[in-house]
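Please read the structure below before turning to the comments.
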Amino acid sequence: MSNRRMLLVGGITILILAVLSYAILTELKARDFKKELQHAIELNHDLKRGLDSTQAEQERIQRLLEAYEKAEAYGETSSIPSAPPQADPRRLRQEIQAKARLAAEKQQLQDSLQHVIQQKELTATERDSLQQNITALVTEIDQLRQEKTVLEDSILAMMETKPEPTPEPPPPVPTSRIEHRKQIKQIQNLQNTAETSLATNDSLNALIASIQAGKQLQHIPESTVNMTTRLNVLASLNRVVFGQDKRRQFPQGHRGRIWDVAFSPDGKHLATAATDSTVKLWGTDGTWRRTLAHPVAVYSVAFHPGGQYLASGSQDGSIRLWNWVTGAEDWVFRGHHGTVWDVVFSKDGQQLVSAGNDNTLRLWSLRSQEEVHVFRGHNGAVTQVALSPTQPFLISGSIDRTLKAWDIEDGTLMITLKEHIASVQDVVYHPSGNYFASAGDGMVINLWDREANLIHTLRGHEGSVRSIDFSLSENVIASAGADRSLKFWNMDGELLKSIDNFSEAELTRIRFNPHGDLLAITDAKGSIYIWSFDLDDMIKRACQLLHQRYPENAAGICQPTP
């Protein structure tokens, strides 16, 4: 009996020990599993935080890249682009010289961005693995943390592969747009009629067609009319008003080649300088105001910003400052050895810059009436100089085929541009200061941005390009050449209008007035022309001419003149 009891107690003890062993083993496995699961959860949280920080870092670097892109472009646009951010004038030179460094820093940022993108790809893979198998994820994460797999090519390919959107059918053309196209077509037909009539000396029909084209153009929003159509109508009106062959409004003119022309700051007067040893002052209607006599030929003229004074540069190397209202010669600056080819006042009117045949530019103080600085560096006569309207530096052009940018405050040479293949004849700034243009004997016009990057080369002249200028109101570039043609271009370098055989002699100089609606043109025979880009004014003038010459034909076309 006692043996059975002992066996029973022993069996129960073994059973209890087995149950306890199983429970303990199960608890240990559960604890291990919980630790493993907690480890995985913590890793998942770490991965999520890493993904979030990676995304934030990627966005930060992307913003930096965009900032560098804007800094590189610095003012890039279409048509006339919007004004770029204004740089510190005293640091513009450092900005120009830092271009190479900027490119290197940009590349480093791009490399950093690719590294961030790679990290983002790895963490995404780990998170997918975590969702499939927690236990396998722990091992996989430990392995992936030790790897540095380069995934750049596959990631970039994935990023660049985007499904093309399905093109939508074009919307129906509104009736107003159809009417607009009809109006443009009618204007073009009338303008063609005017040109044909001018070519056959049919002045009556040329006058009528030009007026009708202009009146139709008045009723169309200017923003919806391309510049070529507008220029064609204005060209026809100017030709019929000022004469097909004799467009000269200034019957006296000069008795020698005109080298320079300038408008007064208020746009109401202009001055011309010629080899007949005179500077002449005119009203924009062609009325002679005054003649300023010089002992030798005069090659350059400029109005003081205040309007009362003007400067002239002569063959004898002198620069004369005149009160043109009274005709009094106030000062004479001497320093150049040879012809003074160009003179320009600073914006504040306190200084004057001159360009000479002695290969130098000279800066003069009007307050002290003394020479402040001599700019040396050209290997030939300096033909033109242009002062930036917004920055303290200038651009000079020379027969040595170069352009040079100078710091006007200390005379430091900032950069030399060698894109011209022949002598530079003219250099001008856009009124905004965001662009400048240069032209010369190479028959091309170069358009540059404010950082001296060449952005367009304009080709179309068949001889030396003597002069160029910007019109702020019309947003065009005008050019005049030895081929006797007058051309107009947009800011993208496209030719909008060419008027061939404009004069009997080569054209020498063109300048817009400050408002950009009048263009003065001179030639080698001493003739002076004024062309208007004021459509309303030109229609009014054409109607006055029609009433004067053909009153019987004016009814129904023009209102009676007062």
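The values are calculated or read from the model by the stated rules, or taken from the named source; none is laboratory data. On a predicted model such as this, the values are computed, not experimentally measured, just so you know. Cβ coordinates were reconstructed from backbone atoms using ideal geometry, including for glycine residues, and neighbour counts include every protein chain displayed.
Just give me the residues in region 364-402 being out of contact with any Gly (no Cβ under 9 Å at 6 or more places or on another chain) and among the charged types (D, E, K, R), in sequence order.
Arg367, Glu370
Using the structure shown, decide if Gly440 is surrounded by fewer than 20 Cβ atoms within 10 Å (Cβ to Cβ) and over 24 Å from His515 (Cβ atoms).
no
Are any residues in region 294-319 under 30 Å from the mean Cα position of the chain (by Cα) and polar (S, T, N, Q), and if so, which ones?
The one that is under 30 Å from the mean Cα position of the chain (by Cα) and polar (S, T, N, Q): Ser300.
Which residue, of Arg362, Arg320, Arg367, is modelled with pLDDT under 95 and either part of a strand (DSSP E or B) or not small (Gly, Ala, Ser) (or both)?
Residue meeting the stated conditions: Arg367.
If only one of Ser423, Ser432 is small (Gly, Ala, Ser), surrounded by fewer than 21 Cβ atoms within 10 Å (Cβ to Cβ) and modelled with pLDDT of 95 or more, which one is it? Talk me through it step by step, then tell me what you get.
Numbers: Ser432 fails: modelled with pLDDT of 95 or more.
So the residue among Ser423, Ser432 that is small (Gly, Ala, Ser), surrounded by fewer than 21 Cβ atoms within 10 Å (Cβ to Cβ) and modelled with pLDDT of 95 or more is Ser423.
For region 323-359, which residues satisfy the criterion of being crowded, with 18+ Cβ neighbours inside 10 Å, among the aromatic types (Phe, Trp, Tyr) and either modelled with pLDDT under 95 or over 20 Å from Tyr429 (Cβ atoms) (or both)?
Once the filter is applied, which keeps residues that are crowded, with 18+ Cβ neighbours inside 10 Å, among the aromatic types (Phe, Trp, Tyr) and either modelled with pLDDT under 95 or over 20 Å from Tyr429 (Cβ atoms) (or both), region 323-359 yields Trp324, Phe333.
Give region 450-468 a look and list any residue that's outside any loop (DSSP other than H, G, I, E, B) and in contact with a Ser or Thr (Cβ under 8 Å, 6 or more places away or on another chain), or say none.
Answer for region 450-468, where residues must be outside any loop (DSSP other than H, G, I, E, B) and in contact with a Ser or Thr (Cβ under 8 Å, 6 or more places away or on another chain): Leu458, Val465, Arg466, Ser467, Ile468.
Does Asp316 satisfy the condition of being over 23 Å from Leu454 (Cα atoms), without any contact (Cβ under 8 Å) to a residue 40 or more places away in the chain and assigned by TED's automatic domain parsing to the domain that holds Asn453?
no
Among the residues in region 535-548, are any out of contact with any strand residue (DSSP E or B) (no Cβ under 8 Å at 6 or more places or on another chain), more than 30 Å from Pro221 (Cβ to Cβ) and without any contact (Cβ under 8 Å) to a residue 40 or more places away in the chain?
yes
Within region 291-307, take every residue that is aliphatic (A, V, I, L, M) and over 17 Å from Leu270 (Cβ atoms) and give me the one that is surrounded by the most Cβ atoms within 10 Å (Cβ to Cβ). Steps first, answer last, please.
In the first step, residues of region 291-307 are kept if they are aliphatic (A, V, I, L, M); the result is 292-293, 296-298, 301-302.
Narrowing the set further to residues that are over 17 Å from Leu270 (Cβ atoms) leaves 293, 296-297.
Details: Ala293: 11, Val296: 13, Ala297: 18.
This residue is Ala297.
Inside region 191-220, can you point out the residues that are more than 16 Å from His547 (Cβ to Cβ) and among the polar types (S, T, N, Q)?
If the condition is that a residue be more than 16 Å from His547 (Cβ to Cβ) and among the polar types (S, T, N, Q), then Gln191, Asn192, Thr193, Thr196, Ser197, Thr200, Asn201, Asn205, Gln216, Gln218 are the ones that fit.
Anything in region 204-223 that is part of a helix (DSSP H, G or I), within 17 Å of Leu237 (Cβ to Cβ) and free of Cβ contacts under 8 Å to residues at least 60 places away in the same chain? List them, or say none.
The first filter runs over region 204-223 and keeps only residues part of a helix (DSSP H, G or I), leaving 204-218, 222-223.
Those left that are additionally within 17 Å of Leu237 (Cβ to Cβ): 204-218, 222.
Passing the criteria: Asn205, Ala206, Ala209, Ala213, Gln216, Glu222.
Test of understanding: among Asn189, Asn238, which residue is exposed (fewer than 14 other Cβ atoms within 10 Å of the Cβ) and not assigned by TED's automatic domain parsing to the domain that holds Ser471?
That would be Asn189, the only listed residue that is exposed (fewer than 14 other Cβ atoms within 10 Å of the Cβ) and not assigned by TED's automatic domain parsing to the domain that holds Ser471.
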